[in-house]
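Undergrad: What follows is a structure written as structure tokens; I'll ask about it next.
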Amino acid sequence: MTKSREQNSGPITVTAYVVDTLRKGILAGDYQIGEKLDQKLLAEKLGVSIIPVREGLRQLEAEGLIRLVPRRGAFVAELSIAELKEIYLIREVLEGLAAELAVPNLDPSTFHQLESLLEQMEEATAQQDFSRLLELNRAFHFTIYESSRCPLLLQIIASLWDRSSLCRRVYLYLPGRASQALAEHKEIYQASKQGDAQRAQQAVRKNVHQTIEGILARINQEKMLKQENG
């Protein structure tokens, strides 16, 4: 959960607890893409009644993480290639804008956080700890975006990150992508540090674009392998 989502949430309710717990589980990969979610079992597991589970699933459907199928139940959403491309296209534009707006507001404390995150990303890259890299990657980007001072923009970006994460975890191990992404994050940092908002915007857009290109290449590679082995 990003800081923007936490800052805009009110007092915790049972439904909010269900939504937050399920969202975290889905994004962490505890529930597989396409997996059916049994409402009664979820209610027992979370120690709540069936009503907040139903309400929570409807909210997660609105976020694009769950698909509710009449007479069949709730399933972890599976993104189509077209949906994935559209999400990343929108992300590229909005995140570039967020970075451009953020750069003039970045302060020494924020740059210190970014430096620390880059050091951790270097370590995780060397250790090939890809799950950790996903967490650090998100933290790095939102540490910058939060300085845009545009909470609605952050909410939209956070929602798009959640939806794209469904697919991204499946294609986590992209050959060579980790080191390439590290270089791209250093480029974003340098542009931001120099106060070059336009270059920071371009660097962020490049990073988002390269990520979807890597995912699509991996998907196409797997399709070809299936055809050859089919």
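Undergrad: Only one of (1) more than 19 Å from L114 (Cα to Cα); (2) open to solvent by less than 40 Å² (accessible area, probe 1.4 Å) is not met by Q128, so which one is it?
TA: In the conditions (1) more than 19 Å from L114 (Cα to Cα); (2) open to solvent by less than 40 Å² (accessible area, probe 1.4 Å), Q128 misses (2) alone.
Undergrad: Output the residue which, of all residues in the stretch 206-217 that are surrounded by fewer than 19 Cβ atoms within 10 Å (Cβ to Cβ) and under 18 Å from the mean Cα position of the chain (by Cα), is farthest from L97 (Cα to Cα).
TA: Step by step, filter the stretch 206-217, then rank; the result is L216.
Every residue, every condition in (1) hydrophobic (A, V, I, L, M, F, W, C); (2) touching a Phe, Trp or Tyr at 6+ places or on another chain (Cβ under 8 Å); (3) at pLDDT 90 or above, yes or no:
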| position | (1), (2), (3) |
| --- | --- |
| V18 | yes, no, yes |
| K24 | no, no, no |
| V48 | yes, yes, yes |
| L57 | yes, no, yes |
| V69 | yes, yes, yes |
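Undergrad: Now for a separate question. Could you list, in sequence order, all residues of the stretch 118-148 that are of a type in the set (A, V, I, L, M, F, W, C) and closer than 17 Å to A203 by Cα? Give the steps one after another, and end with the answer.
TA: Residues of the stretch 118-148 of a type in the set (A, V, I, L, M, F, W, C): 118, 121, 124, 126, 130, 133-134, 136, 139-140, 142, 144.
If the condition is that a residue be of a type in the set (A, V, I, L, M, F, W, C) and closer than 17 Å to A203 by Cα, then L118, A139, F140, F142, I144 are the ones that fit.
Undergrad: S165 passes all but one of (1) more than 19 Å from the chain's Cα centre (by Cα); (2) surrounded by 15 or more Cβ atoms within 10 Å (Cβ to Cβ); (3) of a type in the set (S, T, Y); which number fails?
TA: Result: S165 passes all but (1).
Undergrad: I'd like to know if the stretch 113-121 contains one or more residues that are assigned to a helix (DSSP H, G or I), closer than 29 Å to A62 by Cβ, touching a residue at least 24 places away in the same chain (Cβ under 8 Å) and not aliphatic (A, V, I, L, M).
TA: The answer is no; no qualifying residue exists.
Undergrad: Return yes or no: is Q198 surrounded by fewer than 20 Cβ atoms within 10 Å (Cβ to Cβ) and more than 24 Å from K24 (Cβ to Cβ)?
TA: Criteria met by Q198.
Undergrad: Applying the selection to the stretch 114-125, what residues are of a type in the set (S, T, N, Q) and surrounded by 15 or more Cβ atoms within 10 Å (Cβ to Cβ)?
TA: Answer for the stretch 114-125, where residues must be of a type in the set (S, T, N, Q) and surrounded by 15 or more Cβ atoms within 10 Å (Cβ to Cβ): Q120, T125.
Undergrad: Continuing with the same structure: Give me the pairs: first residue in the stretch 142-157 and touching a residue at least 40 places away in the same chain (Cβ under 8 Å), second residue of a type in the set (K, R) and open to solvent by 20 Å² or more (accessible area, probe 1.4 Å), beta-carbon distance under 9 Å, and six or more apart or on different chains, which are they?
TA: Sorted first by the residue in the stretch 142-157, then by its partner, the pairs are F142/K3; E146/K3; L154/K3; L154/R5; Q155/R5.
Undergrad: Among the residues of the stretch 123-135, is any more than 19 Å from R23 (Cβ to Cβ) and modelled with pLDDT of 95 or more?
TA: Within the stretch 123-135, one or more residues are more than 19 Å from R23 (Cβ to Cβ) and modelled with pLDDT of 95 or more.
Undergrad: Right, here's the next one. Only residues that are in a helix (DSSP H, G or I) and exposed (fewer than 15 other Cβ atoms within 10 Å of the Cβ): list them for the stretch 91-110, please.
TA: V93, P104, N105, P108, S109
Undergrad: I144 versus (1) over 27 Å from A16 (Cβ atoms); (2) modelled with pLDDT under 95; (3) open to solvent by less than 40 Å² (accessible area, probe 1.4 Å); (4) not basic (K, R): which is the lone unmet condition?
TA: The number of the failed condition is (2).
Undergrad: Since G64 meets every condition but one in (1) farther than 13 Å from S165 by Cα; (2) within 24 Å of the chain's Cα centre (by Cα), which condition does it not meet?
TA: For G64, the failing item is (1).
The values are calculated or read from the model by the stated rules, or taken from the named source; none is laboratory data. These numbers come from a predicted model, not from an experiment. Neighbour counts are summed over all protein chains in view; Cβ atoms, including those assigned to glycine, are modelled from backbone coordinates with ideal geometry. To get the accessible areas, we keep the full protein, side chains included, count just its heavy atoms, and leave off ligands, DNA and RNA. Shrake-Rupley method; radii C 1.70, N 1.55, O 1.52, S 1.80 Å.
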